[in-house]
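Trainee: Here you go, one structure.
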Amino acid sequence: MDQILSEVKDGIGVLTLNNPARRNALSLELCGEISAALEDFKAKKVPVIILRAEKNARVWSAGHDITQLPKVHHDPLAYDSPMEVAFRAIQTYPGPVIAMIQGSVWGGATDLAVTCDLAVGDETATFAITPVKMGLPYNASGIMHFINRVGSNIAKEMFFTAEPVKAERAYHFGILNHLVSSREIEEFTFNLARTIAGNSPLAVSVIKEQFRILSEAHPISPEAFERIQALRRKVYNSGDYEEGIKAFMEKRKPRFKGD
């Protein structure tokens with residue numbers, strides 16, 4: 001079964017997360033299908049994309065497929081991992097990608113939502129970024145997605161607590177561009193997409209790329225980059241990371257020791 005349903009509806013590209021049995025977890029396969037579908041839309045010059053789950057989903061996406069995370073001594077969020085490739089495909093797509101959010105969003109799926117150019121949610125939407133619950137060392141590019149979207153203070157709170165942020169607060173934080181009722185979210189999101197699609201696709205594409213370049217204009221020294229990598233290795237080589245994965249698989253609360 002395809003884990004992503006792809007269609008063009010009234011000139012708008014629609015990608016639907018399609019693995020409810022796994023709560024639309026960001027598996028290697030699902031992320032690969034997102035990248036492939038975006039390449040197809042790019043070839044067809046589809047100007048705007050909507051990324052969604054099934055209608056009235058209780059879980060938009062559960063985030064990383066934990067069963068596929070590498071064990072200790074391997075970077076779980078490597079540059080060439082399918083999830084990171086999918087995120088970059090969204091960022092570099094030559095047109096806006098709008099996340100339409102119904103239900104809860106967990107872990108890496110919250111990163112997916114904030115990586116999209118715009119987000120529309122209903123009253124059921126919640127967002128939690130949860131690497132600390134797994135002893136997982138999040139990567140610098142992912143952290144920058146949050147800093148660029150909500151600012152450093154809110155990003156720190158979300159990462160440090162791993163607690164869900166409800167829809168109204170997410171709207172005030174800037175995670176959501178619009179908060180609308182579940183009855184209206186489809187019509188509202190498609191109208192927003194059609195409004196964008198009615199503008200010059202070349203101008204929109206160029207402006208989006210300028211936003212991407214400017215948002216990433218944070219030069220760091222080679223020494224700082226190497227320090228970040230060393231800090232992350234310390235975590236994914238740790239007993240805490242091993243315990244986090246083991247506890248998840250055994251469906252129990254992890255017993256972290258800080259080493």
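Computed from the coordinates by the stated procedures, all read-outs in this text should not be read as laboratory data. Since the model is a prediction, treat every value here as computed from it, not as a measurement. Cβ atoms come from the backbone with ideal geometry, glycine included; neighbour counts cover every protein chain shown.
Trainee: Choose one answer from VAL204, VAL48, VAL14: the residue with the largest mean-square fluctuation in a GNM of the chain with alpha-carbon springs under 10 Å.
Mentor: Fluctuation is largest for VAL204.
Trainee: Between SER181 and ASP10, take the C-beta separation as r, use R0 = 25 Å, and let me know the FRET efficiency to the nearest 0.05. Walk me through the numbers on the way to the answer.
Mentor: Working: r = 22 Å, r/R0 = 0.88.
With a Förster radius of 25 Å, E is 0.70.
Trainee: Still on this structure: When the helices in the chain are scored as -39500 (n - 2.57) per DSSP H run of 4 or longer and the sum is shared across all residues, what 222 nm value do you end up with, to the nearest 500 deg cm²/dmol? Spell out each step's value before the answer.
Mentor: Working: 11 runs with 121 residues, N = 259.
That calculation yields -14000 deg cm²/dmol at 222 nm.
Trainee: Here is a follow-up. What is the order of LYS234, LYS246, fewest Cβ neighbours within 10 Å to most? Can you show the working numbers first?
Mentor: Numbers: LYS234 12, LYS246 15.
By the 10 Å Cβ count, ascending, the order reads LYS234, LYS246.
Trainee: Taking θ = phi - 60°, what integer Hz values does the Karplus form 6.51 cos²θ - 1.76 cosθ + 1.60 yield along the range 161-173, in sequence order, with x for Gly and Pro?
Mentor: Working through the residues one at a time gives 8, 6, 8, x, 9, 6, 4, 5, 5, 4, 5, 5, 5 Hz.
Trainee: Would you list which lysines come within 20 Å of LYS253, measuring only between C-alpha atoms, while excluding same-chain residues fewer than 8 positions from it?
Mentor: LYS253 reaches LYS71, LYS133.
Trainee: Name the shape class, rounded, prolate or oblate, that the alpha-carbon gyration tensor gives for the range 125-217, where a ≥ b ≥ c are the square roots of its eigenvalues, rounded holds for a/c under 1.5, and otherwise prolate holds if a/b is larger than b/c and oblate otherwise.
Mentor: Details: a/c = 2.79, a/b = 1.34, b/c = 2.08.
Cα axes put the range 125-217 in the oblate bin.
Trainee: Among all the aspartates and glutamates, which ones have a C-alpha under 19 Å from LYS42's C-alpha, if same-chain residues fewer than 8 places away are not counted?
Mentor: LYS42 reaches GLU7, ASP10, GLU33, GLU84, ASP117, GLU209.
Trainee: About its Cα centre, what dipole magnitude does the chain give when the only charges are +1 on Lys and Arg Cβ and -1 on Asp and Glu Cβ, stated in debye to the nearest 20? Mind showing how you got there, number by number?
Mentor: Numbers: 30 positive and 31 negative charges, 100 e Å.
Around 480 debye, computed over the chain.
Trainee: From the backbone phi of the range 208-214, what are the Karplus-calculated ³J(HN,Hα) couplings (6.51 cos²θ - 1.76 cosθ + 1.60, θ = phi - 60°) in whole Hz, Gly and Pro given as x?
Mentor: Once rounded to whole Hz, the list reads 4, 5, 5, 4, 4, 5, 5.
Trainee: Among LEU192, LEU38, LEU17, which one shows the biggest mean-square fluctuation in a GNM of the chain, springs joining Cα atoms closer than 10 Å?
Mentor: LEU192
Trainee: Pairs LYS156/LYS257; LYS166/LYS257; LYS55/LYS166; LYS9/LYS45; LYS9/LYS44: which exceed 24 Å Cα-Cα? Walk me through the numbers on the way to the answer.
Mentor: Details: LYS156/LYS257 22 Å; LYS166/LYS257 30 Å; LYS55/LYS166 19 Å; LYS9/LYS45 13 Å; LYS9/LYS44 13 Å.
Pairs exceeding the cut-off: LYS166/LYS257.
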